[in-house]
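I'd like to ask you about the structure that follows.
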Amino acid sequence: MNRRDFFARSLTLATAAACTRSARAADARPNILLIMVDDMGFSDIGCYGGEIETPNLDRLAANGLRFSQFYNTGRCCPTRAALMTGLYPHQAGVGHMTDDKGQDGYRGDLNAHCVTIAEALKPAGYSTYMVGKWHVTRFADPKTDEERHNWPIQRGFDRFYGTPAGAKNFWRPVGLTRDNAPVTEPLPEDYYYTDAITENMALFLREHHAAKPDTPFFAYFAHTAPHWPLHAHQADIDHYRGKYRVGWDEIRKRRFAKQRDLGFVTDAWKVSPRHPDVPAWDTLDAKQQDESDLLMSIYAAMITTMDRSIGRMVDVLEETGRLDNTLILFLADNGGCAEGGVLGGLNLKNDQARPGGPDSDPRLGGAWANANNTPFRWFKHYVHEGGAGSPLIVHWPAKVAGDARGSLRNQPGHVIDIMATCLDVAGAAYPTERHGERVLPTEGTSLVPAFDNQ
């Protein structure tokens, strides 16, 4: 498959009048870069209180907006379904994961009564690109073309590089796909999933700018980081090694203090108590503390690599002259993840395995997840704030300017609002049908008024 081929997909999703109106406004309409990360705690990144080094995200926040009360659904697949469709996940058919539970809300597959953001924007003249983790279809390993009916290309994207399901190994991902076909060529020795999806999105955007300089794009960048297995470059792990020996109790205190300084919380707030299953750090022996430091160092390294990826996208937008009129949205699919037990584990597959390398399966565990979700309670899976609270960074120089830059927005928002926001800024109509099937009305509300603090 030629990487430069574009796949055209036509859907009768909007009226001819809407398409004509959008075409006339082509020069003024913004590009949209939607970035979602996987299993990241509310306070992990610097601009939300964390000590992990995220200079690129911090820069976007300093020149944009941060929402303090933005919510996902507490778990991966439902959040991605709601994000892409503007519906509640049960309405879209993905109420839980991608297994079919035999009930309409739990088919594990986007149903016929929803449309994706890409499907809604294409009739308005947008080119559409995606990289990373899709995870809203139960047919991750299709045997027929029909079983690809909910893959990204079939759901409105012109180009795709990534994994239709969740990735299992950052060094050797399972199910790696380009457009509609499996990637069969051998992967380079230094292949790393976060770096690869970044380079492919950079390729898509550069090709788009060369071929369609006056056409806006919608780009969905769906990171798998920092979801387990915790895999990272050794140099990045080494950078953090030893910094977490202060323990999760001290990290929670420091993050909460920084959140107060940033304005996320006031003196009336108290940090939630340590989770009842989590031991005090000073009750661990030296070996446990050392392994826990290593696990958190790998996790922090993954987030720093992800941040570099976002910096790479900003560089491409600057090089192509599109940064000022690109709406960048950054959010997480759920809170920090407690899977893997309270203390997590390195889970090395052999004596020669490197922690964080391809022959390891590290899990961070609930103790650090409790800290990652500061100041909230609980974790991924749960719809407590620690499970469903998400950062939302909005960066759009053409719209968010002057004194608004660096501001907090305390209005509540939800992942169902992203579809409405994208259509609002694009001047695109929400469709009433897809392939002859009635589409459910959108549940979301545009966040654009909140950009102006309305």
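The values are calculated or read from the model by the stated rules, or taken from the named source; none is laboratory data. Just so we're clear, the structure is a prediction, and the values are computed from it rather than from any experiment. Ideal geometry is used to build each Cβ from the backbone, glycine not excepted, and the neighbour counts take in all protein chains shown. We work out accessible area using only protein heavy atoms, side chains counted, and drop any ligands, DNA or RNA first. Shrake-Rupley method; radii C 1.70, N 1.55, O 1.52, S 1.80 Å.
Considering only residues of segment 225-264 that are among the hydrophobic types (A, V, I, L, M, F, W, C) and open to solvent by 10 Å² or more (accessible area, probe 1.4 Å), which is nearest to the chain's Cα centre (by Cα)? Write out each step before concluding.
Quick first cut of segment 225-264, residues among the hydrophobic types (A, V, I, L, M, F, W, C) only: 225, 228, 230, 232, 235, 237, 246, 248, 251, 256-257, 262, 264.
Still in the list and also open to solvent by 10 Å² or more (accessible area, probe 1.4 Å): 228, 235, 246, 256-257, 262, 264.
Working: TRP228: 14, ALA235: 24, VAL246: 29, PHE256: 24, ALA257: 26, LEU262: 23, PHE264: 22 Å.
If we take residues in segment 225-264 being among the hydrophobic types (A, V, I, L, M, F, W, C) and open to solvent by 10 Å² or more (accessible area, probe 1.4 Å), then TRP228 is nearest to the chain's Cα centre (by Cα).
Also, I was wondering about something else. Would you please name the residue that is surrounded by the fewest Cβ atoms within 10 Å (Cβ to Cβ), looking only at residues in segment 294-326 that are within 28 Å of GLU385 (Cα to Cα) and over 15 Å from the mean Cα position of the chain (by Cα)?
Per the stated criteria, the residue is LEU294.
Now, a different point. Take the residues of segment 206-224 that are of a type in the set (A, V, I, L, M) and open to solvent by less than 10 Å² (accessible area, probe 1.4 Å): which is farthest from MET40 (Cα to Cα)?
Filtering segment 206-224 down to residues of a type in the set (A, V, I, L, M) leaves 210-211, 219, 222.
Retained after the next criterion (residues that are open to solvent by less than 10 Å² (accessible area, probe 1.4 Å)): 219, 222.
Values: ALA219: 21, ALA222: 13 Å.
The residue in question is ALA219.
What number of residues within segment 145-183 are among the polar types (S, T, N, Q), out of contact with any strand residue (DSSP E or B) (no Cβ under 7 Å at 6 or more places or on another chain) and under 29 Å from LYS349 (Cα atoms)? Walk me through how you get there before you give the answer.
Just the residues of segment 145-183 that are among the polar types (S, T, N, Q), to begin with: 150, 154, 163, 169, 177, 180.
With out of contact with any strand residue (DSSP E or B) (no Cβ under 7 Å at 6 or more places or on another chain) added as a condition, the list becomes 150, 154, 169, 180.
Those still in the list that are under 29 Å from LYS349 (Cα atoms) too: 169.
Residues that pass the stated criteria total 1.
For segment 174-183, indicate whether the set of residues that are in contact (Cβ under 8 Å) with a residue 60 or more places away in the chain, under 27 Å from LEU423 (Cα atoms) and either among the hydroxyl-bearing types (Ser, Thr, Tyr) or open to solvent by less than 20 Å² (accessible area, probe 1.4 Å) (or both) is non-empty.
Among the residues of segment 174-183, at least one is in contact (Cβ under 8 Å) with a residue 60 or more places away in the chain, under 27 Å from LEU423 (Cα atoms) and either among the hydroxyl-bearing types (Ser, Thr, Tyr) or open to solvent by less than 20 Å² (accessible area, probe 1.4 Å) (or both), which makes the answer yes.
Looking at PRO186, PRO142, which one is open to solvent by 10 Å² or more (accessible area, probe 1.4 Å), out of contact with any strand residue (DSSP E or B) (no Cβ under 8 Å at 6 or more places or on another chain) and either among the acidic types (Asp, Glu) or under 30 Å from CYS337 (Cα atoms) (or both)? Spell out how you get there, then give the answer.
Numbers: PRO186 fails: either among the acidic types (Asp, Glu) or under 30 Å from CYS337 (Cα atoms) (or both).
Sole residue among the options that is open to solvent by 10 Å² or more (accessible area, probe 1.4 Å), out of contact with any strand residue (DSSP E or B) (no Cβ under 8 Å at 6 or more places or on another chain) and either among the acidic types (Asp, Glu) or under 30 Å from CYS337 (Cα atoms) (or both): PRO142.
Applying the selection to segment 419-442, what residues are touching a helix residue (DSSP H, G or I) at 6+ places or on another chain (Cβ under 8 Å) and closer than 29 Å to GLY406 by Cα? Steps first, please.
Residues of segment 419-442 that are touching a helix residue (DSSP H, G or I) at 6+ places or on another chain (Cβ under 8 Å), as a first pass: 419, 421-431, 434, 440, 442.
Within segment 419-442, MET419, THR421, CYS422, LEU423, ASP424, VAL425, ALA426, GLY427, ALA428 qualify.
Out of VAL383, VAL342, VAL394, report the one residue that is farther than 20 Å from CYS76 by Cβ and within 20 Å of the chain's Cα centre (by Cα).
Values: VAL383 fails: farther than 20 Å from CYS76 by Cβ; VAL342 fails: within 20 Å of the chain's Cα centre (by Cα).
Exactly one of VAL383, VAL342, VAL394 is farther than 20 Å from CYS76 by Cβ and within 20 Å of the chain's Cα centre (by Cα), namely VAL394.
Give the residues of segment 2-58 that are among the hydrophobic types (A, V, I, L, M, F, W, C), modelled with pLDDT of 50 or more and closer than 27 Å to ALA210 by Cβ, sorted by residue number.
First, the residues of segment 2-58 that are among the hydrophobic types (A, V, I, L, M, F, W, C): 6-8, 11, 13-14, 16-19, 23, 25-26, 28, 32-37, 40, 42, 45, 47, 52, 57.
Filter once more, so that each one left must be modelled with pLDDT of 50 or more: 28, 32-37, 40, 42, 45, 47, 52, 57.
Within segment 2-58, ALA28, ILE32, LEU33, LEU34, ILE35, MET36 qualify.
Exactly one condition in (1) within 17 Å of the chain's Cα centre (by Cα); (2) modelled with pLDDT under 95 is false for ASP99; which is it?
Just one mismatch for ASP99, condition (1).
Picking from LEU57, LEU87, which residue would you name as being under 18 Å from the mean Cα position of the chain (by Cα) and in a loop (DSSP other than H, G, I, E, B)? Let's see the steps before the verdict.
On the way: LEU57 fails: in a loop (DSSP other than H, G, I, E, B).
LEU87 is the lone residue from the list that is under 18 Å from the mean Cα position of the chain (by Cα) and in a loop (DSSP other than H, G, I, E, B).
Just need a number here: residues in segment 383-437 that are farther than 26 Å from ALA118 by Cα and among the acidic types (Asp, Glu).
Residues flagged as farther than 26 Å from ALA118 by Cα and among the acidic types (Asp, Glu) within segment 383-437 amount to 2.
Is there a residue being touching a residue at least 24 places away in the same chain (Cβ under 8 Å) and within 15 Å of TRP368 (Cα to Cα) anywhere in segment 219-227? Working first, answer last.
Going through segment 219-227, the residues touching a residue at least 24 places away in the same chain (Cβ under 8 Å) turn out to be 219-227.
Next, only the ones that are within 15 Å of TRP368 (Cα to Cα) stay: 226-227.
Yes.
Same structure again: Quick one: in segment 357-405, which of the residues that are among the hydroxyl-bearing types (Ser, Thr, Tyr) and closer than 22 Å to SER68 by Cβ is surrounded by the fewest Cβ atoms within 10 Å (Cβ to Cβ)? Show your work before the answer.
Just the residues of segment 357-405 that are among the hydroxyl-bearing types (Ser, Thr, Tyr), to begin with: 360, 374, 382, 390.
This time we only want the ones that are closer than 22 Å to SER68 by Cβ, so: 374, 382, 390.
Values: THR374: 29, TYR382: 16, SER390: 29.
Here the answer is TYR382.
Another question about this same structure. Consider GLY366 against the criteria (1) more than 19 Å from TRP281 (Cα to Cα); (2) in contact (Cβ under 8 Å) with a residue 12 or more places away in the chain: it satisfies all of them except one. Which criterion is unmet?
If we test GLY366 against (1) more than 19 Å from TRP281 (Cα to Cα); (2) in contact (Cβ under 8 Å) with a residue 12 or more places away in the chain, just (1) comes out false.
If you don't mind, there's one more thing I want to ask. May I ask you to say which residue of GLY108, GLY125, GLY166 is of a type outside the set (D, E, K, R) and closer than 20 Å to LEU33 by Cβ?
Numbers: GLY108 fails: closer than 20 Å to LEU33 by Cβ; GLY166 fails: closer than 20 Å to LEU33 by Cβ.
After ruling out the rest, the residue left standing is GLY125.
Determine if segment 423-430 includes at least one residue that is over 14 Å from ILE32 (Cα atoms) and open to solvent by 20 Å² or more (accessible area, probe 1.4 Å). Working first, answer last.
First, the residues of segment 423-430 that are over 14 Å from ILE32 (Cα atoms): 429-430.
So of that shortlist, the ones also open to solvent by 20 Å² or more (accessible area, probe 1.4 Å) come out as 429-430.
The answer is yes; a qualifying residue exists.
Here is a follow-up. Pairs under 8 Å by beta carbon, first residue assigned to a helix (DSSP H, G or I) in segment 427-454, partner open to solvent by less than 20 Å² (accessible area, probe 1.4 Å) and of a type in the set (S, T, N, Q), six or more apart or different chains?
VAL448/THR421
Another question, then. Return the residues of segment 111-134 that are in contact (Cβ under 8 Å) with a residue 40 or more places away in the chain and open to solvent by 10 Å² or more (accessible area, probe 1.4 Å); say none if nothing qualifies.
Going residue by residue through segment 111-134, those that are in contact (Cβ under 8 Å) with a residue 40 or more places away in the chain are 112-134.
Within segment 111-134, ALA112, HIS113, LYS122, PRO123, GLY125 meet the criteria.
Return yes when THR98 is of a type in the set (S, T, N, Q) and either open to solvent by less than 10 Å² (accessible area, probe 1.4 Å) or closer than 21 Å to PHE376 by Cβ (or both) and no when it is not. Outline the logic, then answer.
Details: of a type in the set (S, T, N, Q): yes; either open to solvent by less than 10 Å² (accessible area, probe 1.4 Å) or closer than 21 Å to PHE376 by Cβ (or both): no.
No; evaluated as a whole, the condition is false for this residue.
Filter segment 327-356 for residues that are touching an Asp or Glu at 6+ places or on another chain (Cβ under 7 Å), open to solvent by 10 Å² or more (accessible area, probe 1.4 Å) and of a type in the set (Gly, Ala, Ser) and give the result.
Correct list: ALA353 only.
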